[in-house]
Amino acid sequence: IDFYIRTISLNLAFYQSTRMAAALGDAVVAAHTIAINIWLFSAFFIDGYANAANALSGRLFGERNFVALKNMSKTILKISIGIGLILGLIYLIAYSKIVLFFTNDPVVIEYFLSVFWIVIIMQPINAVAFAYDGIYKGLGEAKALRNTLLISTFFVYFPMVLLSDYLGWAFVGIWISILAWMLSRGGFLAILFRGWLKEHMGK
């Protein structure tokens with residue numbers, strides 16, 4: 001049930017972003033779709049190490065080896081962030097070329113390039129969130145993942161979307177809201193994990 005609620009929160013954010021992009025016109029929703037697909041490609045790419053964190057954290061937790069668990073989490077984070085930085089660098093180098101794989105429409109390209117820098121910035125941020133996702137799944141801490149998504153979606157993402165719409169940030173505002181959403185996801189999980197480690201290592 002916790003994972004089901006978490007998935008609903010996750011999808012609500014994506015649905016709302018697409019809904020707002022569609023309201024801004026066909027060219028914007030086309031650019032948004034391209035950006036989301038690149039974002040998801042990166043997410044699945046980085047998520048491979050999150051799956052490793054899932055398996056390793058579960059095993060180490062079962063062994064009650066919290067020192068190794070702490071060290072493993074640091075290693076997974078470093079590798080994931082490194083992959084995120086490499087992806088971001090590749091995207092930066094090919095900044096104006098990647099979109100040509102999807103469209104030749106100059107209006108769509110213009111809209112896409114206006115937000116692609118945000119997608120690039122998000123790569124290492126996503127890496128942190130996904131790494132902790134994997135660790136928490138391995139620990140069986142479904143409630144922490146559920147609560148993090150609920151807080152990030154309803155108390156960070158949606159207020160940020162409304163604020164950006166009020167300020168007239170339009171398409172860029174949608175992606176700034178997604179950036180804030182991912183920052184809060186990774187940040188909350190990092191803080192919770194430090195507390196979890198401190199509690200269990202003290203026992």
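We did not get these values from a lab; they are worked out from the coordinates using the rules stated. The structure displayed is predicted, hence computed values, not measured ones. When we count neighbours, we look across all protein chains shown, and the Cβ atoms used for this are built from the backbone with ideal geometry, even at glycine.
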Helix axis angle, 158-167 relative to the chain longest principal axis, alpha carbon, degrees: 30
Sorted largest first, extent of region 77-156 alpha carbons per principal axis (Å): 46, 30, 17
Between 0 and 90°, nearest 10: helix 66-93 axis offset from the chain longest Cα axis: 20
Coordinate range along principal axes, alpha carbons of region 1-160, Å, largest first: 57, 34, 20
Helix axis angle, 2-23 relative to the chain longest principal axis, alpha carbon, degrees: 10
Alpha-carbon Rg with Dmax, taken over region 140-203, Å: 14.9, 52
Number of Lys pairs (Cα under 25 Å; 8 or more positions apart or on different chains) in the chain: 15
Calculated P(r) tail over 14 Å for region 1-69, as whole % of Cα pairs: 73
Protection proxy ranking of 153-164, 95-106, 26-37, 61-72 - average other beta-carbon atoms within 10 Å, highest first: 26-37, 153-164, 61-72, 95-106
